[in-house]
Amino acid sequence: MITPAFELTQDPDFLTIKIRVPYAKASEFDIYFEGEDFKFYAKPYFLRLTLPGRIVEDGREKASYNTDEGTFTIQLPKEVPGQYFEGLDMLTSLLAPKKSRSAKPLVEEMAASAELSEENEEEFDWEMEQIPYEESLPPLQHPYGFGNLRSGVFQRLQDELSDVIDIKDPDQTPAEERRRKRLAAEAAKFEPDHYLADFFEDEAIKHLLKYKPWWIDAHKKMTALQGESHQEHDSPTFVVFSEEEREQMRKFTNKSYLLDKRSRRHVYLGLIDILLAYCYEICVNEGDKNVESSWNIRKLSATLCWLEVSFSSIHDVLVSFGRRVLCYPLYRHFELVTRAFSDTVMILQLGKAAVLKCLLDIHRIFMESDPAYILNDLFITDYCIWIQKVKSKKLAALCESLQKTTLSKSHMGLELEELEAAAVLVQEEEKALKAAGTVSKQQLLCSESETSDSEESSSTSSSETEGSDSDEQESSTSEDGEINSFQGMLQEERTAPLIDCNGLRQGTDTLAMEVGDGKSKVSLQSTTPPGKLVEELEMQIQSAMRLSEQPEGLATEGCISQEQEENPVPEPDRFSEDAAGKGNFLEVSPKPNPLLFLCSTNEDED
């Protein structure tokens, strides 16, 4: 027989059951309902449901068949109009037969079968061979899994499952030792540099925190609806299961769990731990699944990764999750811890349908991961079945306790606040040093510019000074050159022997001049106007011509007297006569004297 796909909805007066039976023989079908029982048969499909409320057959019931879709739609009247049937989306629980809701009859049945087997047992053989008894105590195994109902699993599959959990040999490791080893591993794994990098460079974190998963919109709708009316509404109003999720629920085998008070407490705390890890995974991957999704969920949940069963309170669960977020995944920021915390509160407020939807998603993620599938058998499948039977009041109480719990960085035990304060101080010092370096660099540039400006000004002034000095030197040199030339001319005129008309050499004492006087005279001559100098030259030429025309004695006396009277420039004799009576130049000056050339020219002409 095939269990068909089905869906249950309700209104205040009717319960509607929609059953999909493609290729069924619609002309032959049976429907039975009474109280909480509902049965449907259409070959080859069979459906039996145990309803959360009572229905009645009073003539208002209806049934229809859609041949195009292959679906039966059955409307059944409620025994109490207006009654709200809770848990219509909990398909696994609805499929369970009524007698299997409790495990007590199963225990009684097993005991009865054991007594029956003892009565039918063959006669005991008293002659059998006896073997001395050797006491062999079985190794002490510590339980784990959902409700601490499993043990010995990893003892057989240690090699295959070593990548799934972090603890080695969990069957021989007590709960307290698991906790000790977990805390030591987290402390060794924590990297301050990675945490501070995500703390200061949090652009990617802020982007991830903007993502809104499906439960945020559902929670807003629920809050708005509750604000409009005070009537209580269950989460199925806001949570919708896909066909794939419905198929998952139909494949689960219904179970009943005998849990004592301590085991139930561990189950509730483990549920919070798993949901926190799932909310982190959805946030950082923005709802998309990847190869790291399975790793993120199981690594961040100490319940899954370390088989932790020693949580004593909700606060312990939050601290464990916060520490693991700051030690293992790619994004290690405390804001992601608080975001997962608030998301888990929303999911629990939406009710067990929202919790079941998240657990089904985790189940599908682990099923697609080769080594992690064992966690479905140990935890997730049992959680998916168990949550459908949990009373909504218990879940609401758990949500309220979680909402009242506080979590801060100081609870992590990793000295986060001290690290952040030290990093801020270092950052401020670096900024101060950088600012000081900038100021010193600017000062250095200013001083260099001032130095270069001063060097340029000094070089300019020195060049100007050198230019003025060179100009002065050139002017002084030129003046000295002129003075020296005039002095040389005067000296030549003084040293040149004067030849009188009779051929006698005259002394130069009468025409000698002091150097200082000559310098002053030259300076005076240099300041003499050019016209006066020409006149003096003409007078000297005329006097020289007259001397050449006069007798020797008179010429010499006249020449000497005239030079002594006028004496504008000491004038030595220009020529003398040798024994033949011819006139020759004496001691030619290195620089030509115009007077000498003029005198010689006149003599030649004469």
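The values are calculated or read from the model by the stated rules, or taken from the named source; none is laboratory data. All of these numbers come straight from a predicted model, not from anything done at the bench. Here the Cβ positions follow ideal geometry from the backbone for every residue, glycine too, while neighbour counts run over all protein chains shown. Ligands, DNA and RNA are excluded from the accessible area calculation, which covers all protein heavy atoms including side chains. Shrake-Rupley method; radii C 1.70, N 1.55, O 1.52, S 1.80 Å.
The trypsin sites (Lys or Arg not before Pro) of the stretch 321-426 that DSSP puts in a loop, and whose beta carbon has at most 11 other beta carbons within 10 Å, are K391. For the stretch 5-88, the carbon plus sulfur part of the accessible surface works out to 47%, probe radius 1.4 Å.
Select from the stretch 340-416 those chymotrypsin sites (Phe, Trp or Tyr not before Pro) which occupy a DSSP coil region and have at most 15 other Cβ atoms within 10 Å, ordered by residue number.
On the way: sites: F341, F366, Y373, F379, Y383, W386; in loops: none.
Taking the stretch 340-416 and a limit of 15 other Cβ atoms within 10 Å, no loop chymotrypsin sites (Phe, Trp or Tyr not before Pro) are found.
Taken one residue at a time, the phi angles of the stretch 241-252 give Karplus couplings (6.51, -1.76, 1.60, θ = phi - 60°) of 8, 7, 5, 5, 5, 5, 5, 4, 5, 5, 7, 6 Hz. Gly and Pro are set to x. Solvent-accessible surface of the stretch 317-411, taken per residue with a 1.4 Å probe and all protein chains present: 33 Å².
Of the GluC sites (Glu not before Pro) found in the stretch 182-274, the ones in coil according to DSSP and having at most 15 other Cβ atoms within 10 Å of their Cβ are E201, E232.
Return one whole number: the accessible area per residue of the stretch 5-88 in Å², for a 1.4 Å probe. Show your work: numbers first, answer last.
Values: 4600 Å² over 84 residues.
I get 55 Å² per residue for this part.
If I compute solvent accessible area with a 1.4 Å probe over the protein chains, what percent of it on the stretch 321-393 is carbon and sulfur? Mind showing how you got there, number by number?
Values: 1150 of 2050 Å².
Using a 1.4 Å probe with all protein chains present, the stretch 321-393 comes out at 56 percent carbon and sulfur.
For the stretch 5-88, the C-alpha radius of gyration sits at 1.06 times the compact-globule guess of 2.2 N^0.38 Å, with N the residue count.
Per-residue Karplus couplings for the stretch 33-44, computed as 6.51 cos²θ - 1.76 cosθ + 1.60 with θ equal to phi - 60°, are listed in order as 8, 6, x, 9, 9, 9, 9, 9, 9, 8, 3, x Hz, Gly and Pro entered as x.
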